[in-house]
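Trainee: Take a look at the following structure, please.
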């Protein structure tokens, strides 16, 4: 049985993940970590990794980018594989993740949905075939989401750049001189209501438009994707892993 620690256990995704872990007969939730109120979770939880004494086979992180140093420190100290599903990292924080992966197995993805990661593959194929089309990325999320654009929108733009390296990201448009430039990837963020997550990639050519879209209908898909990653990661050597390794 795979023993799991959840970092960010009192947040919305942490609670969804805890339910999914408890429903899986091959997993055991040994404890959670969150600086927020943990009294109503129904499982053992701590305000900091400083208080964790339980042994685990893997940590799944759905917390906040500012919690990175603490979770990396604990994972490195205990040699525990780490699945990172948190978004909003800057380049410096990403470098910390990559450097830590030289000592422990780390699985990192801005989106744990298997469907989104298939979308990334389709987008790369479309960008290669439709290199002269204008490309726009529109992402929609609930009104509580802090970072914009979403990590997934950035993943989509980066996947396009792998095929079209001259592309440049354009975050929104405003003003009298906002005409689209050649090689732009337009990225637009919409926030409202309780939208779980939608990502729409538009390829606009002469007299034709291709759209590739993914819609998340619940947060369960992200939790279950992270569990798939955890099961994969538990038997890996130190290194940096993502959804490409699973596929």
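The values are calculated or read from the model by the stated rules, or taken from the named source; none is laboratory data. Small disclaimer: the values here were computed from a predicted structure and weren't measured. When we count neighbours, we look across all protein chains shown, and the Cβ atoms used for this are built from the backbone with ideal geometry, even at glycine.
Trainee: Looking at (1) closer than 30 Å to residue 57 by Cβ; (2) in a loop (DSSP other than H, G, I, E, B), which is the one condition that is false for residue 240?
Mentor: (2)
Trainee: Can you give me the number of residues within the range 75-113 that are farther than 17 Å from residue 56 by Cβ and under 8 Å from the mean Cα position of the chain (by Cα)?
Mentor: Here the count works out to 7.
Trainee: Has the range 166-185 got at least one residue that is touching a helix residue (DSSP H, G or I) at 6+ places or on another chain (Cβ under 6 Å), part of a loop (DSSP other than H, G, I, E, B) and in the same structural domain as residue 143 (by TED's automatic domain parsing)?
Mentor: So far as the range 166-185 goes, yes, one or more of its residues are touching a helix residue (DSSP H, G or I) at 6+ places or on another chain (Cβ under 6 Å), part of a loop (DSSP other than H, G, I, E, B) and in the same structural domain as residue 143 (by TED's automatic domain parsing).
Trainee: If we keep just the residues of the range 121-139 that are out of contact with any strand residue (DSSP E or B) (no Cβ under 6 Å at 6 or more places or on another chain) and buried (at least 16 other Cβ atoms within 10 Å of the Cβ), which is nearest to residue 221 (Cα to Cα)?
Mentor: Among those that are out of contact with any strand residue (DSSP E or B) (no Cβ under 6 Å at 6 or more places or on another chain) and buried (at least 16 other Cβ atoms within 10 Å of the Cβ), it is 124.
Trainee: State the number of residues belonging to the range 207-247 that are closer than 30 Å to residue 132 by Cβ, at pLDDT below 95 and surrounded by 14 or more Cβ atoms within 10 Å (Cβ to Cβ).
Mentor: 2
Trainee: If I filter the range 208-220 for residues that are touching a helix residue (DSSP H, G or I) at 6+ places or on another chain (Cβ under 9 Å), assigned to a helix (DSSP H, G or I), within 28 Å of residue 17 (Cβ to Cβ) and in contact (Cβ under 8 Å) with a residue 40 or more places away in the chain, do I get at least one hit?
Mentor: Within the range 208-220, one or more residues are touching a helix residue (DSSP H, G or I) at 6+ places or on another chain (Cβ under 9 Å), assigned to a helix (DSSP H, G or I), within 28 Å of residue 17 (Cβ to Cβ) and in contact (Cβ under 8 Å) with a residue 40 or more places away in the chain.
Trainee: Using the structure shown, decide if residue 159 is in a helix (DSSP H, G or I), crowded, with 18+ Cβ neighbours inside 10 Å and not assigned by TED's automatic domain parsing to the domain that holds residue 102.
Mentor: Numbers: in a helix (DSSP H, G or I): yes; crowded, with 18+ Cβ neighbours inside 10 Å: yes; not assigned by TED's automatic domain parsing to the domain that holds residue 102: yes.
Against the criterion (in a helix (DSSP H, G or I), crowded, with 18+ Cβ neighbours inside 10 Å and not assigned by TED's automatic domain parsing to the domain that holds residue 102), residue 159 qualifies.
Table: residues versus (1) in contact (Cβ under 8 Å) with a residue 60 or more places away in the chain; (2) out of contact with any helix residue (DSSP H, G or I) (no Cβ under 9 Å at 6 or more places or on another chain).
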site	(1), (2)
58	yes, no
110	no, no
116	yes, no
133	yes, no
136	yes, yes
142	no, yes
145	no, yes
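Trainee: Could you count how many residues in the range 140-150 are closer than 24 Å to residue 182 by Cα and buried (at least 18 other Cβ atoms within 10 Å of the Cβ)? Explain how you work it out, then say what you get.
Mentor: Step one: of the range 140-150, the residues closer than 24 Å to residue 182 by Cα are 148-150.
Now drop any that are not buried (at least 18 other Cβ atoms within 10 Å of the Cβ), which leaves 149-150.
Counting residues in the range 140-150 that are closer than 24 Å to residue 182 by Cα and buried (at least 18 other Cβ atoms within 10 Å of the Cβ) gives 2.
Trainee: Residues of the range 182-197 being in contact (Cβ under 8 Å) with a residue 12 or more places away in the chain, more than 14 Å from residue 146 (Cα to Cα) and surrounded by fewer than 17 Cβ atoms within 10 Å (Cβ to Cβ), which ones?
Mentor: Matches in the range 182-197: 183, 184.
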